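Chemist: So that we are looking at the same thing, I have put the structure below in structure tokens.
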Amino acid sequence: MKLHLTTAENNNLITAYSDSYIEINRQRYMHSLIVMPEKLMTDWNIKDFAHLTEHHLAKITNIDTGFSPEVVLLGTGEKHQFLHAKIYQSLTERGIPLECMTTAAACRTYNILMSEGRQVLAALILQ
């Protein structure tokens with residue numbers, strides 16, 4: 001699905017997505033990644049939701065760019081799934097809420113929140 005939004009203003013914008021790719025600023029990625037308005041992390045090494053651990057979410061809490069997300073959107077793949085609280089405890093301890101949704105929904109929600117100027121982080125799993 002292609003997405004259209006005109007208020008990105010030099011931020012990372014999800015321009016399209018499918019079950020096999022996510023397109024950021026018209027560049028396709030065929031693997032899981034983390035996207036923020038001003039930073040893109042393409043080395044998020046998670047193959048599917050079933051193998052997601054505290055270690056994978058620690059990458060979010062250890063971002064050393066000074067970026068502090070207001071919310072983390074976790075795109076869980078094609079199916080909406082929930083995490084056990086122990087896995088995202090590091091986010092909870094820092095007061096950062098986590099919202100689980102399908103990857104498609106996380107892509108759409110990220111663009112909306114980013115266009116509003118919110119400090120949003122989307123951790124998107126492709127299977």
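The values are calculated or read from the model by the stated rules, or taken from the named source; none is laboratory data. Small disclaimer: the values here were computed from a predicted structure and weren't measured. Every residue, glycine among them, receives a Cβ derived from its backbone with ideal geometry; neighbour counts consider all protein chains shown.
Chemist: When you go through N12, N45 one by one, which is the residue that is in a loop (DSSP other than H, G, I, E, B) and surrounded by 12 or more Cβ atoms within 10 Å (Cβ to Cβ)?
Modeler: N12
Chemist: Within the range 17-37, can one find any residue that is over 12 Å from L126 (Cβ atoms), assigned to a loop (DSSP other than H, G, I, E, B) and among the acidic types (D, E)?
Modeler: Among the residues of the range 17-37, not one is over 12 Å from L126 (Cβ atoms), assigned to a loop (DSSP other than H, G, I, E, B) and among the acidic types (D, E), which makes the answer no.
Chemist: Let me ask something else. Of everything in the range 18-31 that's within 20 Å of G77 (Cβ to Cβ) and at pLDDT 95 or above, which residue is surrounded by the fewest Cβ atoms within 10 Å (Cβ to Cβ)?
Modeler: M30
Chemist: Something else: Could you tell me which numbered condition H55 fails, if it satisfies all but one of (1) outside any loop (DSSP other than H, G, I, E, B); (2) under 22 Å from E23 (Cβ atoms); (3) more than 14 Å from the chain's Cα centre (by Cα); (4) not hydroxyl-bearing (S, T, Y)?
Modeler: (2)
Chemist: Any chance the range 75-93 includes a residue that's out of contact with any Phe, Trp or Tyr (no Cβ under 8 Å at 6 or more places or on another chain), surrounded by fewer than 21 Cβ atoms within 10 Å (Cβ to Cβ), closer than 17 Å to Y17 by Cβ and of a type in the set (D, E)?
Modeler: Yes, that holds for at least one residue.
Residue by residue, here is whether (1) touching a strand residue (DSSP E or B) at 6+ places or on another chain (Cβ under 7 Å); (2) under 13 Å from I125 (Cβ atoms) holds:
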site: H51; (1), (2): no, yes
site: Y88; (1), (2): yes, no
site: P97; (1), (2): yes, no
site: T102; (1), (2): yes, yes
